[in-house]
1. In region 24-41, which residues are of a type outside the set (Asp, Glu), touching a strand residue (DSSP E or B) at 6+ places or on another chain (Cβ under 9 Å) and either modelled with pLDDT under 95 or surrounded by fewer than 16 Cβ atoms within 10 Å (Cβ to Cβ) (or both)?
2. Could you grab me the full set of residues in region 187-198 that are surrounded by 24 or more Cβ atoms within 10 Å (Cβ to Cβ) and in contact with a Lys or Arg (Cβ under 9 Å, 6 or more places away or on another chain)?
3. Given the criterion modelled with pLDDT of 95 or more, out of contact with any strand residue (DSSP E or B) (no Cβ under 9 Å at 6 or more places or on another chain) and within 20 Å of ASN45 (Cα to Cα), identify the matching residue among GLY180, GLY166.
4. For region 91-146, which residues satisfy the criterion of being of a type in the set (A, V, I, L, M), within 19 Å of TYR49 (Cα to Cα) and out of contact with any helix residue (DSSP H, G or I) (no Cβ under 9 Å at 6 or more places or on another chain)?
5. Give me a count of the residues in region 216-237 that are free of Cβ contacts under 8 Å to residues at least 60 places away in the same chain and either outside any helix (DSSP H, G or I) or touching a Pro at 6+ places or on another chain (Cβ under 6 Å) (or both).
6. Just one of ALA210, ALA253 is of a type in the set (A, V, I, L, M), out of contact with any Gly (no Cβ under 6 Å at 6 or more places or on another chain), outside any helix (DSSP H, G or I) and touching a residue at least 24 places away in the same chain (Cβ under 8 Å); which is it?
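The values are calculated or read from the model by the stated rules, or taken from the named source; none is laboratory data. Everything quoted here is computed from the prediction, not taken from an experiment. Note that each Cβ is placed from the backbone with ideal geometry, even for glycine, and that neighbours are counted across all protein chains shown.
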Amino acid sequence: MRVFAIVALACLGVATVNAQVRTAFPEKRGLKPTDFPRTIELADNIYGYEDLRNPGFTTVSLFVVGADGVLIADGQGSPDATRKMLGEIAKVTAKPIKWYIVGSDHGDHTAGNSVLPKDITYIVSKASKAQMERDAANPNRQPTAPPVVVPPSAMTTDRQAVNVGGIEVQAIYAGRAHTGGDLLVYLPKQKILFMSEVYLNRVFPAMRSAYPTEWVSVIDKALAMDVDRFVPGHGFIEEPKASREELVEYRNAMRAVIAEVTRLHKAGLSADDAAKQANWGPYREWFLVEQQGPIAVRKIYEEIENRLR
């Protein structure tokens with residue numbers, strides 16, 4: 001019995017050592033900057049792409065290699081970073097890049113789009129196209145900033161299917177979430193859902209452009225879909241079982257942040273005081289909490305006070 005116990009404890013120790021740490025911090029996962037970018041095969045001809053961005057966490061893109069071309073969902077945050085991604089795609093296939101789905105209209109996913117093929121077909125929601133038009137026309141844009149590429153047209157319905165050379169890809173607008181125009185990218189046969197910035201794996205909820213409670217509803221819709229693997233827009237790509245667990249945990253974080261800010265609002269605190277006093281519980285250890293916590297407080301206050309637009 002004693003020998004069995006020792007062996008069991010030893011096995012437990014091995015399992016603990018080999019278990020993947022659940023975090024968005026690369027170094028806590030045993031990764032170095034030189035380990036990036038990383039191309040991760042999710043299924044036959046379907047890949048996730050992770051690259052590091054300042055201040056040291058990943059931006060994730062998806063690409064699908066069909067019989068006659070490649071579809072990209074979300075780019076990277078600068079022309080150089082997107083050129084690097086195109087170079088990594090070229091290591092996988094020489095097929096031309098033909099389609100691009102705008103999962104998030106934020107610059108950390110779109111600022112490199114000027115280096116994409118000029119004849120590429122964009123799939124974008126109406127709200128994101130309108131936001132990109134506003135960004136392009138912003139008189140306060142820095143002269144050195146990369147140009148904003150505005151897609152020529154937007155989706156006319158909430159779901160658009162693309163036949164990527166024999167692989168079905170669906171762009172789905174499931175409601176306002178991280179932005180007003182987020183798209184989910186669904187591969188029904190492979191049961192993969194790329195969620196762009198609707199899902200930030202172990203990154204504190206970033207709410208600069210968000211609709212907090214609606215965001216939770218979009219995550220609920222995603223969890224109800226026939227999906228085996230959920231892929232985030234930031235943080236690390238997980239194995240299928242862990243990806244669902246982490247998306248549930250992200251929803252828990254969203255709910256906890258909204259509940260804490262609502263409590264402070266009911267107590268009569270100003271947004272600034274609430275940001276100083278907020279207790280984020282277990283989520284105080286998540287990436288970007290110091291930067292994103294005060295932003296979340298202000299955005300949830302706007303929602304509570306019916307000031308969201």
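1. Restricting attention to region 24-41, the residues satisfying the condition of being of a type outside the set (Asp, Glu) are 24-26, 28-34, 36-40.
If we keep only those that are touching a strand residue (DSSP E or B) at 6+ places or on another chain (Cβ under 9 Å) as well, we get 24-26, 31, 33, 36-40.
Listed by number, the residues that qualify are PRO33, PHE36, ILE40.
2. Selection gives LEU193 alone.
3. Every option except GLY166 fails the conditions.
4. Step one: list which residues in region 91-146 are of a type in the set (A, V, I, L, M), which gives 92, 94, 97, 101-102, 111, 115-116, 120, 123-124, 127, 130, 132, 136-137, 145.
From the residues that got through so far, the ones that are within 19 Å of TYR49 (Cα to Cα) too are 92, 94, 97, 101-102, 111, 115-116.
Listed by number, the residues that qualify are VAL92, ALA94.
5. Keep residues of region 216-237 that are free of Cβ contacts under 8 Å to residues at least 60 places away in the same chain, which gives 216-228, 230.
Within this subset, residues satisfying the condition of being either outside any helix (DSSP H, G or I) or touching a Pro at 6+ places or on another chain (Cβ under 6 Å) (or both) are 224-228, 230.
The number of residues fulfilling the criteria is 6.
6. Working: ALA253 fails: outside any helix (DSSP H, G or I).
Being of a type in the set (A, V, I, L, M), out of contact with any Gly (no Cβ under 6 Å at 6 or more places or on another chain), outside any helix (DSSP H, G or I) and touching a residue at least 24 places away in the same chain (Cβ under 8 Å) holds for just one of ALA210, ALA253, which is ALA210.
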